[in-house]
Amino acid sequence: MMMAGGISDAKPFSEEVQQLLEAVKSELEEKLGKKLDRFQLVSYKTQVVAGTNYFAKTDRALCALQMDIGGEELVHMRVYRNLQGEVSLHSHQHPKTREEDIVYF
């Protein structure tokens, strides 16, 4: 059982968390300065506070004009959902690789 304030182990894809992330997709696109052609949750961790922090690893395919860069890029996101259910993008880390673990940030 996870203690309040601690970060959970990594969890696999969840449709519920994918939908939660969709709520902040446009904000992330603005911060990255790019339109995301693909936005798919890979895994996530949670932290229970006065609400819940979601630390998510998402697949991020580059827009078609930049596809020639090659390689795979991921974004780590920290998304907060308060007790009223409102969702906000707290921060993000980019670029990340599939092998990099999600850590507190």
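The values are calculated or read from the model by the stated rules, or taken from the named source; none is laboratory data. None of these values were measured; they are calculated from a predicted model. Cβ placement follows ideal geometry from the backbone for every residue including glycine, while neighbour counts extend to all protein chains displayed.
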**Request:** Filter the range 2-27 down to residues that are at pLDDT below 85 and in a loop (DSSP other than H, G, I, E, B), then give me how many there are.
**Result:** 5
**Message:** From the list Y44, Y104, exactly one residue is modelled with pLDDT under 90, exposed (fewer than 12 other Cβ atoms within 10 Å of the Cβ) and among the aromatic types (F, W, Y). Which is it?
**Reply:** Y104
